[in-house]
1. Rounded to whole Å and ordered largest first, report the semi-axes of the equivalent ellipsoid of region B:1-70 derived from its Cα gyration tensor (root of 5λ).
2. Along region B:7-18, what does the Karplus equation 6.51 cos²θ - 1.76 cosθ + 1.60 (θ = phi - 60°) give for ³J(HN,Hα), rounded to whole Hz, x for Gly and Pro?
3. Run the numbers for B:Phe12 and B:Val100: contour at 0.36 nm per residue of separation, minus the present Cα-Cα distance, in nm.
4. Hey, any idea what the orientation-averaged projected area of the convex hull of region A:4-98's Cα atoms comes to, in nm²?
5. Quick one: if you stick a label point 7 Å off each Cα along the C-beta vector at B:Leu150 and A:Ser55, how many nm between them?
6. Count the net charge of all other residues whose Cβ sits under 15 Å from the Cβ of B:Ile6, scoring Lys and Arg as +1 and Asp and Glu as -1.
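Every number here is computed from the coordinates shown, using simple stated rules; none is lab data. What you see is a predicted model; the values in this text were computed from it and never measured. Positions of Cβ are backbone-derived with ideal geometry, glycine not excepted, and every protein chain shown enters the neighbour counts.
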Amino acid sequence: MFYLPNIVLVVVLALLGIGIYCILISRNLIKIVVGLQIAVKGAFLALVLAGKLASQIDVGQSIALTVIVADTIVAVVALALAVQIRRKFGTLDVHALMSLRR
Amino acid sequence: MVDLFIGAGILFCAYKAMQENRLLVSALWLALTSALVSWMMYRVGAAEVAVVELSVGAGLVTVLFVFAINIAGDESLTRQSLVPRPLAWFAVVFSMGLLVWMIMPALQSERMRAVLEQTGVLAGLFRSVLWNDRRVDTLMQVVLFFAGALAVLGLIGEPNKSREERE
């Protein structure tokens with residue numbers, strides 16, 4: 001019951017769930033990036049677990065590394081965009097940004 | 001038992017990162033989640049990625065968050081979300097159900113049971129996989145890093161340029 005893979009699997013599912021929920025209910029752009037980060041943590045934990053279960057943990061690790069790099073770049077660009085949006089429009093509220101007309 | 005505590009810690013920190021209204025505190029909970037995830041990856045046997053996650057996920061990304069929040073300001077939004085909460089819950093439960101439905105048959109197989117009972121850590125071939133089999137991917141990651149750094153410089157540096165031009 002309390003094998004490590006079972007625990008990791010539960011954590012993966014819960015992290016994905018928390019991440020998706022956070023993305024869906026957040027109105028702040030930076031908070032949405034936080035939700036994305038949580039969901040991606042679940043994804044690369046799942047990749048490592050899949051590698052372990054398939055007896056190819058090194059392949060799992062190398063793919064997880066690619067995901068970490070891509071996720072970091074996404075976070076960097078998203079945060080830079082959020083900073084620019086805040087400077088230009090004065091808010092990070094998704095709802096306020098949606099109602100803007102230019 | 002330790003794994004159970006790590007797992008519970010990850011979920012608690014992720015929940016707090018989601019629930020917290022102050023962005024800076026939320027970023028710190030996210031950093032703690034990253035640190036615990038890297039510990040769990042080490043327990044699984046992925047030591048190399050655990051180190052990368054600890055340095056990049058808990059270190060670099062946290063610094064970026066603090067930097068961005070410092071510039072953009074901690075705008076706490078407690079108003080109602082755009083997506084109705086019942087709909088968000090339904091989306092989460094549906095996607096989790098779909099994942100469990102896809103994963104469970106794979107875990108039932110005899111081969112997986114044998115692997116689950118195996119306790120030894122496999123010999124490290126990470127270096128060979130990364131540098132020989134996935135050389136192009138690794139080079140692409142380096143390119144991605146530079147592209148990200150240039151994107152940030154371009155995005156954050158733009159207002160300063162225009163200010164200089166005005167002067």
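1. One finds semi-axes of 22, 16, 5 Å for region B:1-70.
2. x, 5, x, 4, 5, 4, 5, 5, 5, 5, 4, 6
3. 29.5 nm
4. The directionally averaged projection comes out at 6.2 nm².
5. 4.4 nm
6. Summing Lys and Arg as +1 and Asp and Glu as -1 gives 0.
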